[in-house]
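The values are calculated or read from the model by the stated rules, or taken from the named source; none is laboratory data. This is a predicted model, so every value here is computed, not measured. Please note: Cβ atoms are built from the backbone with ideal geometry, for glycine as well, and neighbour counts cover all protein chains shown. Ligands, DNA and RNA are stripped out before the accessible areas are found, and what is left, the full protein with its side chains, is counted by its heavy atoms. Shrake-Rupley method; radii C 1.70, N 1.55, O 1.52, S 1.80 Å.
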Amino acid sequence: MNDLRDLYQEVILDHSKNPRNYGALEHPDREAEGYNPLCGDQYTIYINTDGTDVTGIRFEGNGCAISKASTSVMTQMVQGKSFDEARSLFDGFIAMVKGEKPADAELGKLAVFEGVRDYPTRTKCATLAWHTMKNAIEGSHEVAQTE
Ligand code: ZN
């Protein structure tokens, strides 16, 4: 179990130091802002879409290691998915970090964030990216807040 925890921490550190899909999309079809006032995490997520699928996703912003890694991994997971699949991942991720269900095959590498369920303030850092992504695909102009 300790080896697994170390591996998960390595993945989170790697994504926080070298976030994937980082930087603005030049002509995004959708975009949304997220803010976690408890920690100061603040991100903008940009999405390109053909109407039903996420054809491109990038993000900008700053925050703690958990929030940045979560946003980075989220963009990797959602890239190329349909909106329905992205919403399903959202539901699964939220349930996992709330401790309502364990990580499963659908969630894949998102399992690295399962440990945050023991830390309610960290949970808000990890879910910010997902609330913001959901607002973006739904075309909401509200700032996603995890508080
Ligand atoms: Zn944070």
Assign unit charges at the C-beta atoms only (+1 for Lys and Arg, -1 for Asp and Glu), then state the dipole size of region 100-147 relative to its Cα centre in Debye, rounded to the nearest 20.
140
Rounded to whole Å², per residue accessible area for the chain with a 1.4 Å probe reads 50
Just ASP53, ASP29, ASP84 to compare: in a GNM of the chain, with alpha carbon springs under 10 Å, which one fluctuates most?
ASP84
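How much FRET efficiency would the formula 1/(1 + (r/R0)^6) give for ASP84 and ARG20, where r is the Cβ-Cβ distance and R0 is 25 Å, rounded to 0.05?
0.60
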For the LYS98, THR55 Cβ pair and Förster radius 22 Å, calculated FRET efficiency rounded to 0.05 is 0.15
So, with a 1.4 angstrom probe, what is the percent of accessible area on the chain that is carbon and sulfur?
46
Over the alpha carbons of the chain, what is the largest minus smallest coordinate on each principal axis, giving the biggest first in Å?
43, 31, 27
What does the helix-only formula give at 222 nm for the chain: each DSSP H stretch with n ≥ 4 adding -39500 (n - 2.57), the total divided by the residues, and the result rounded to the nearest 500 deg cm²/dmol?
-14000 deg cm²/dmol
Using the Cα centre of region 44-147 as the reference point, and only Cβ charges (+1 on K/R, -1 on D/E), how large is the resulting charge dipole? Debye, rounded to the nearest 20.
360
Which residue, HIS27, HIS131, HIS15, has the most motion in a Gaussian network model of the chain that connects Cα atoms within less than 10 Å?
HIS27
Please compute the modelled spin-label separation between TYR119 and ASP91, points set 7 Å along Cα→Cβ, answer in nm with one decimal.
2.9
Pseudo-spin-label distance CYS64 to LEU38, built 7 Å along Cα→Cβ, given in nm, is 0.8
Label point at GLN9 placed 7 Å out along Cα→Cβ; residues across region 102-123 whose backbone nitrogen lies under 14 Å
115-116
Protein chains only, probe 1.4 Å: how do CYS125, CYS39, CYS64 rank by accessible area, largest first?
CYS39, CYS64, CYS125
